[in-house]
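Enquirer: Quick one: structure below, then a few questions.
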Amino acid sequence: MDYLKLSDNLLLISFFIYLIASIVFTVAITGKRWANRDPELHTKRYGSIGFIITVVGFLSQLGYVVTRWIGGGHSPTSNMFEFMAFLSFTIIFAFLVLYAIYRLPVLGLFAVPLGLIMLAYASVFPREVTPLIPPLQSYWLKIHVTTAALGEGILSIGFAAGLIYLVRTVDQKVKSKSTFWLEFVLSTVLMLIGFIIIVSIYAGLDQKTSFEFPQYKDGQVQSTQNVDYVLPAIVAPYDSKITKQGPMTPLFEAPSWMEGKDAARKLNTLIWSIITGLILYGLLRLILRKRLAAAMQPWLEDIDPDLIDEISYRAIAIGYPVYTLGALVFAMIWAAEAWGRFWGWDPKEVWALIVWLFYSAYLHLRLSRGWLGTKSAWMSVIGFVIILITLVVVNLVIAGLHSYAGV
Amino acid sequence: MDQTDLDQVKCECGHANPVGTLLCESCGKPLDQSEEPDGEKQARHEFPDMRYEGMARRSQTYNKSIVDRIWNFFSSVKIAVWMIVITLIACALGTVFPQEQYIPVPVPTEADVAQFYEKTYGVLGKIYYALGFHNLFDSWWFVTLLVMIGMSLVICSLDRVIPLYKALSKPRVNPHESFLKGQKLRGEAVVTDDLDARKVLPEAAALLKKKGYRTYQEGTSLLGEKARFSRWGPYINHIGLIIFLLGTLMRSLPGMYLNEFAWIREGETVPLKGTPYYAKSVSAKVDYYSEDEFPEKLDLRGGVIAKNYQTDIILYRNENADLPGAEPKLTKLKEGIATVNHPFTYEDLSLFQSSLLPMQLRALNFTLVDQKAGNKELGKIKLDLFSPVAEQKVADGISVRVIAYFPDFYLNKEGKPDTKTGQPNNPMFALEIRNADGTPPEKLVYVQGGTISDKADARYTLGIEKPDFYNLTGLMVRKDKMMPMIYFGSVIFLIGVAMGLYWQHRRIWVHFAGDRLYIAGHTNKNWFGLRKEVEFLTTRMNLPVQLVLDSAKPAKKKRETGESKETAKQNG
Amino acid sequence: MNKQSRTPIRIAILGVLLVALVFAIYSSYAKSGEVEIGDAAPNFSLMQLDGTPLKLSDLQGKAVLLNFWASWCDPCKAEMPDLEKEYGKWKDKGLVVVGVNIGETPLIVNQFVEPRGLTFPILLDAKNEITKLYNIGPIPTSFFIDAEGKVVDKVVGQMNEAIIENKVAKILR
């Protein structure tokens, strides 16, 4: 049996199932005011259907994890594609657990698309199964990375619930800092979606732009590097020449300190993501004629903010020890075993610590200083942003010892 | 002077409480109300926070002397959170540019370090260096910050755990009505004929027991309590963190921690600094994956993927270690291997496979050729790059002497041959060939892969053979005696957070006083779960009690009356 | 309990924590293994170029200028004539200049020493053991050790005659 082919198919299937589940949850929440319906019954019924569909998708994704593990010969947590797909898996898992406790369909409206976006994001990274390089040949790879991803997945549900709380409670009648930042968060999500869309589109077209640029060492040209852009080039590498013309001429060059083969390409991709995200946002604003959060608010009116606050807190309270165990304690044990030091202030380690410090502050403020509701919800959003920085930015921009996990 | 009068406050019920107590230790009646409560609503809104059970805490009571002030500073959660936030921001800043230890190019002097940041990152890099962020995690202020967090952990815990212990060991079974009315989750009913304390309380106790509560009864009052231990969670996790931090701190004590690096050429035996040991690299190798080992076809563009880095090691003890540099007297201790993730260990010493540079030049091999005798091969010459032999015999009567050797050849400012580094990156040898037959010695120079003779019509030349290679291994030499303590602290921390976050301390009071039945509940988290359990109690027993759960608004002193009413939950 | 009985306990706790703080800051400053001014120079024994061993402790009672160098280091080269001159000037007063070559083969050391006519003892630190013991970073690095074996001064980088003379005066007392 070709396990790897099967695992690819299972992942694709779970992607579409999550997509359907997201639609069902949307119907569950937005369709309750449709004619001749008992809103409560409607939400309950569609919520249950959404839950069951998500379970099916989750099982399919579990199948992906298992078959890729068998086919690849190691746990599917060894590169960016595998990790992001696994994170999506843990987000869905955490959602299922919290849904089972609280039975709140609106959680599905936010959490399942979150898992879906992570899965789509995974797909932009190279997906081949590569054999494990020596530093990754350790049973701690499965233990550390899976536990850390689980903790991050659970904390992500805290973010989803926090976002629901904010959309539900932020006063949309007047323009304020809160409305601005809420729109900012939503547009950032759209940028991520925009990034996925544009990369998927251009990956299908052959519109490559190729550059050649010198690499300096001690002020002297040491070698020439080549880099291919999949997306049209807005920004060229510093001091570069185009070797293959793409669909557009670059508008400017990256600053000289952006060294490394891919630095300028990443900057180019970032600019495209922001542009597409803002276009998506603009289109939505144009259609809705109000702030995105304001458009969503009426759907959430009958949700008890205290309950959603509690769910957000609960998710973080459950996720925090798991995260500590996976991302810090197991990481320290592995580091001690592999490098002989349990802590080395490597950027990835530092950011894992930052996430931990942040949620520690969250717990202290909530438990001892009475930061409930809005403040707590904002913190859960910021916490998730820091997690994303740790997972994505640190790997792609600040490469340290964990650089092999990047692309 | 009567000390007790100054330091104690008497409650209505007759109990003497320490100054600073918010809720009477015995009956739970609020003590710090300046005016008499006029009506229930106000009583509830002025009800103090239930955190720490309303016990007197040192830090909240006195702040006159310096000791008091320092104590209060470190016992404040607000300060602790600020310290966490500052640490967090500092950490983030520390990753903007690489730390000094992670600079990818060699920077031997402080000036090189400064230059690296300025050259690579421009003005921002210069500022980064000037502010000392390039060595942030070892800087005095960062270390101070960490120790201050440690101090805060100790003092915060002590300040809270003692009063909390006192309060929890004497649960308020029979509290004052104002205590019950002040709870976030509460309800009351007028006692009718079919509501008899003697019947209701045992029944409620049985139900609560079924839900896992421990019950206490005192007169017409019942208290059900569950998972009290979870209240100790925060203190246990703080103790874990303190142990952890102490462990890291104690690594600075002499002999507790060793961190060195050793480069060893294959076959070489080198001393390990800071230890009485010598290590020999018997062999070092790199294995690569073969294509049929790939799970699926990969386009590596001619590249390879490493499968294993391994060094076979023999560890010796130097009995002469008291005098460094002296001829070592080695006793073999252990033979073993080091691979990535699997260090070589001996007692508390570990050697980690950290670096492996394959195919390094060890020796140049030549054949000496007699051009005058029809290019006759006279014999072999081996020039070891690390310890060349001054003179070697090639054939009968013919010997070769090394007259000059520059491992990393270049022409210096005066135009003379010189060496750039100590590494044999570009070896240059000047040789003298002597023949016992009386012909004058001839000079040959080997440089950059070719041979030059001092004579136009030279007799000898060198035929270049395959050189000798070796694999260079880099081992991290580590000793860390504090590791068990660090792991122990981590485990205690995890137990603590799990206790505190996965369980909730729940208490439910059922209290008959006068013509009323009061029900109240308190938990440190998950109010919805607690409400469900109280609802279970009231519905099963058909108690005509309307439950109220205050909104989860910040527990500030001034709550708006309207809001808590709006979100108060109805129960049928 | 009253306030009076608690304060001493709290002072004790704060005291312990303060000690921890001072210790932590101190250890973040103190670089391990560095041989600093005021330390006793760690004893060692190395082979000389002529094949006889030399122990640092054998030089007790004399002023020692311990100079770490290598043939590929330009400032070391530039410094050598000055070292030789100062050695010639003060050796009768009890100065010994000891050059420690870092990790080079005798052949190279010879081809460096001979043309320069260096007469002071040259030691071969073939395995870099003493270089590591003294935590040598950039070279040349020189230690000025007095008759009691104490490091009186330390110079990282090239010295000229005037500097050497000035420092030597300190160890010759």
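The values are calculated or read from the model by the stated rules, or taken from the named source; none is laboratory data. Worth saying up front: this structure is predicted, and the values here are computed from it rather than measured. Here the Cβ is made from the backbone with ideal geometry for all residues, glycine too, and neighbour counts use every protein chain on show. For accessibility, only protein heavy atoms count, side chains too; no ligands or nucleic acids. Shrake-Rupley method; radii C 1.70, N 1.55, O 1.52, S 1.80 Å.
Enquirer: Am I reading the B/A interface right? What is its buried accessible area, both sides, 1.4 Å probe, to the nearest 100 Å²? Can you show the working numbers first?
Expert: On the way: alone 32810 and 19260 Å², together 46550 Å².
In total, this chain pair buries about 5500 Å².
Enquirer: If you keep only loop residues by DSSP, which trypsin sites (Lys or Arg not before Pro) in segment B:500-534 have at most 16 other Cβ atoms within 10 Å of their Cβ? List each step's numbers first, then the result.
Expert: Working: sites: B:Arg506, B:Arg507, B:Arg516, B:Lys525, B:Arg531, B:Lys532; in loops: B:Lys525.
For trypsin sites (Lys or Arg not before Pro) across segment B:500-534 that sit outside H, G, I, E and B with at most 16 neighbouring Cβ atoms in 10 Å, the list is empty.
Enquirer: Just want the answer: with Cβ charges of +1 for Lys and Arg and -1 for Asp and Glu, which residue in C:Ile25, C:Asn160, C:Asn135 is farthest toward the dipole's positive end in chain C?
Expert: Of the candidates, C:Ile25 comes out farthest on the positive side.
Enquirer: Here's another thing I want to ask about it. At a Cα cut-off below 27 Å, give the lysines reachable from A:Lys173, other chains included and same-chain residues fewer than 8 away excluded.
Expert: Partners within reach: A:Lys32, A:Lys290, A:Lys375, B:Lys553, B:Lys556, B:Lys558, B:Lys565, B:Lys569.
Enquirer: A further question on this structure: How big is the gap, in Å, between the Cα center of segment C:104-173 and the Cα center of segment A:283-349?
Expert: Distance between centres, Cα-based: 59 Å.
Enquirer: Here's another thing I want to ask about it. Of C:Ile37, C:Ile145, C:Ile130, which is the most mobile in a GNM of chain C whose springs link Cα atoms less than 10 angstrom apart?
Expert: Between C:Ile37, C:Ile145, C:Ile130, it is C:Ile37 that shows the largest mean-square fluctuation.
Enquirer: How large is Rg over Rh for segment B:95-190, taking Rg from the Cα atoms and Rh as the Kirkwood inverse mean of 1/r across Cα pairs? Don't skip to the answer; put the middle values down first.
Expert: Details: Rg = 27.3 Å, Rh = 18.6 Å.
Computed over Cα atoms, the ratio is 1.47.
Enquirer: A further question on this structure: Excluding ligands, DNA and RNA, what is the solvent-accessible area per residue of segment B:82-181 at a probe of 1.4 Å, expressed in Å²?
Expert: Numbers: 4530 Å² over 100 residues.
Value for segment B:82-181: 45 Å² per residue.
Enquirer: Take every DSSP beta bridge whose two residues both sit in chain A, then give the antiparallel share in percent to the nearest 5. Before the final figure, lay out each step's value.
Expert: Details: 12 of 14 bridges.
Percent antiparallel among DSSP bridges in chain A is about 85.
Enquirer: Still on this structure, please answer the following. Counting only protein chains, not ligands or nucleic acids, how are B:Ile305, A:Ile382 ordered by accessible area (probe 1.4 Å), most first?
Expert: On the way: B:Ile305 20, A:Ile382 80 Å².
I get A:Ile382, B:Ile305, largest accessible area first.
Enquirer: Which lysines have a Cα less than 18 Å from the Cα of B:Lys29, not counting those fewer than 8 places away in the same chain?
Expert: Counting by Cα, and skipping residues close in sequence, B:Lys29 has these lysines nearby: B:Lys10, B:Lys41, B:Lys166, B:Lys170, B:Lys181, B:Lys184, B:Lys557.
Enquirer: Cα centroid distance between segment B:467-536 and segment A:73-105, in Å?
Expert: About 22 Å separates the Cα centre of segment B:467-536 from the one of segment A:73-105.
Enquirer: Can you pick out the pairs among B:Lys376/B:Lys466; B:Lys126/C:Lys77; B:Lys78/B:Lys126; C:Lys55/C:Lys167; C:Lys85/C:Lys150; B:Lys334/B:Lys479 whose Cα atoms lie more than 26 Å from each other? Intermediate values should be presented prior to the final figure.
Expert: Details: B:Lys376/B:Lys466 19 Å; B:Lys126/C:Lys77 33 Å; B:Lys78/B:Lys126 34 Å; C:Lys55/C:Lys167 23 Å; C:Lys85/C:Lys150 24 Å; B:Lys334/B:Lys479 17 Å.
Exceeds cut-off: B:Lys126/C:Lys77; B:Lys78/B:Lys126.
Enquirer: How far, in degrees from 0 to 90, does helix B:77-93 lean away from the longest principal axis of the Cα atoms of chain B, to the nearest 10?
Expert: In chain B, helix B:77-93 runs at an angle near 20 degrees to the longest axis.
Enquirer: Hey, another quick one. Classify segment B:142-270 as rounded, prolate or oblate, taking a ≥ b ≥ c as the square roots of the eigenvalues of its Cα gyration tensor: rounded when a/c is under 1.5, otherwise prolate if a/b is larger than b/c and oblate if not. Don't skip to the end; give the middle numbers.
Expert: Working: a/c = 5.21, a/b = 3.17, b/c = 1.64.
Here segment B:142-270 falls in the prolate category.
Enquirer: Given the options A:Leu87, A:Leu163, A:Leu328, state which has the largest fluctuation in a GNM of chain A using a 10 Å cut-off (strictly under) for Cα springs.
Expert: It is A:Leu328.
Enquirer: Pick out, in residue order, every one of the GluC sites (Glu not before Pro) in segment B:312-417 that is DSSP loop and has at most 16 other C-beta atoms within 10 Å; say none if there are none. Please list the in-between numbers first.
Expert: Values: sites: B:Glu319, B:Glu335, B:Glu347, B:Glu377, B:Glu391, B:Glu414; in loops: B:Glu319, B:Glu347, B:Glu414.
In loop regions of segment B:312-417 (DSSP not H, G, I, E or B), the sparsely surrounded GluC sites (Glu not before Pro) are B:Glu319, B:Glu347, B:Glu414.
Enquirer: Separate question: Would you list, by chain and number, the lysines whose Cα falls below 16 Å from the Cα of B:Lys307, excluding same-chain residues fewer than 8 positions away?
Expert: Partners within reach: B:Lys285.
Enquirer: To the nearest 10 square angstrom, how much accessible area does B:His15 have with a 1.4 angstrom probe?
Expert: Here the accessible area works out near 50 Å².
Enquirer: For B:His15 and B:Val123 in one chain, what is 0.36 nm times their gap in residues minus the Cα-Cα distance, to one decimal in nm?
Expert: 32.1 nm
Enquirer: Follow-up. Would you work out the relative contact order for chain C, in percent, from Cα pairs under 8 angstrom that are 6 or more residues apart?
Expert: Values: 262 pairs, mean separation 50.2, N = 173.
In percent, rounded to a whole number, it is 29.
Enquirer: List the residues of segment C:105-148 for which accessible area in the full set of protein chains is at least 40 Å² lower than for the chain on its own; 1.4 Å probe, protein heavy atoms only.
Expert: C:Thr105, C:Leu107, C:Ile108, C:Gln111, C:Lys127, C:Glu129, C:Lys132, C:Pro138
Enquirer: GNM, chain A, Cα, under 10 Å: largest mean-square fluctuation among A:Ser75, A:Ser176, A:Ser312?
Expert: Evaluated over chain A, the most mobile residue of the options is A:Ser176.
Enquirer: Let me ask something else about it. Under DSSP H, which helices of chain A have Cα atoms covering 18 Å or more of the helix axis and a Kyte-Doolittle average no less than 0.0?
Expert: Details: long enough: A:3-30 (40 Å, 1.73); A:39-72 (48 Å, 0.51); A:80-102 (32 Å, 2.07); A:105-122 (26 Å, 2.04); A:139-169 (45 Å, 1.04); A:177-204 (40 Å, 1.72); A:263-288 (37 Å, 1.34); A:305-323 (26 Å, 0.33); A:347-368 (30 Å, 0.71); A:373-388 (23 Å, 1.52).
Membrane-span-like by this criterion, though nothing is claimed about a membrane: A:3-30, A:39-72, A:80-102, A:105-122, A:139-169, A:177-204, A:263-288, A:305-323, A:347-368, A:373-388.
Enquirer: Put +1 on the Cβ of each Lys and Arg and -1 on the Cβ of each Asp and Glu in the protein assembly as shown; which of B:Leu93, A:Leu98, B:Gly449 then has its Cα farthest toward the positive end of the dipole?
Expert: Result: A:Leu98, furthest along the dipole toward the positive end.
Enquirer: Ignoring everything except DSSP H segments at least 4 long, calculate the 222 nm mean residue ellipticity for the protein assembly as shown; use -39,500 (n - 2.57) per segment, divide by total residues, nearest 500.
Expert: Details: 30 runs with 504 residues, N = 1152.
So the calculated ellipticity at 222 nm is -14500 deg cm²/dmol.
Enquirer: Residue separation times 0.36 nm, minus the C-alpha to C-alpha distance between B:Lys170 and B:Glu391: what's the value?
Expert: Details: separation 221, 0.36 × 221 = 79.56 nm, distance 9.22 nm.
That pair, B:Lys170 and B:Glu391, stretches by 70.3 nm at full extension.
Enquirer: With 19 Å as the limit, write out which pairs from A:Lys348/B:Lys273; B:Lys380/B:Lys443; A:Lys5/A:Lys208 have Cα-Cα distances beyond it, or answer none.
Expert: On the way: A:Lys348/B:Lys273 30 Å; B:Lys380/B:Lys443 17 Å; A:Lys5/A:Lys208 28 Å.
Those over the limit are A:Lys348/B:Lys273; A:Lys5/A:Lys208.
Enquirer: List every residue whose amide H lies under 5 Å from the amide H of B:Thr421, counting only residues 5 or more places away in sequence or on a different chain, with H placed 1.01 Å from N in the peptide plane.
Expert: Those qualifying (amide H under 5 Å, at least 5 residues apart or on another chain) are B:Asp408.
Enquirer: Between C:Ser57 and B:Glu203, how many nm apart are label points set 7 Å from Cα along the C-beta direction?
Expert: Placing both labels 7 Å along Cα→Cβ, they lie 9.2 nm apart.
Enquirer: When the convex hull of the C-alpha atoms of chain A is computed, what volume per residue in Å³ does it have?
Expert: Working: hull volume 68.8 nm³, N = 407.
Expressed per residue, the convex hull around the Cα atoms of chain A is 169 Å³.
Enquirer: Which semi-axes, in whole Å and largest first, does the equivalent ellipsoid of chain B have when worked out from the alpha carbon gyration tensor as the square roots of 5 times its eigenvalues? Don't skip to the answer; put the middle values down first.
Expert: Numbers: eigenvalues 1373, 131, 100 Å².
So the equivalent ellipsoid measures 83, 26, 22 Å along its semi-axes.
Enquirer: Can I ask one more? Spit out the partnerless Cys residues in the protein assembly as shown, using Cβ distances under 4.7 Å as the pairing rule.
Expert: B:Cys91, B:Cys156, each lacking another Cys Cβ under 4.7 Å.
Enquirer: Cα centroids of segment A:33-50 and segment C:25-64: how far apart, whole angstrom?
Expert: Going from one Cα centre to the other spans 84 Å.
Enquirer: Using a 1.4 Å probe on the protein heavy atoms, what percent of the accessible area of chain B belongs to carbon and sulfur?
Expert: Working: 15410 of 28130 Å².
C and S atoms contribute 55 percent here.
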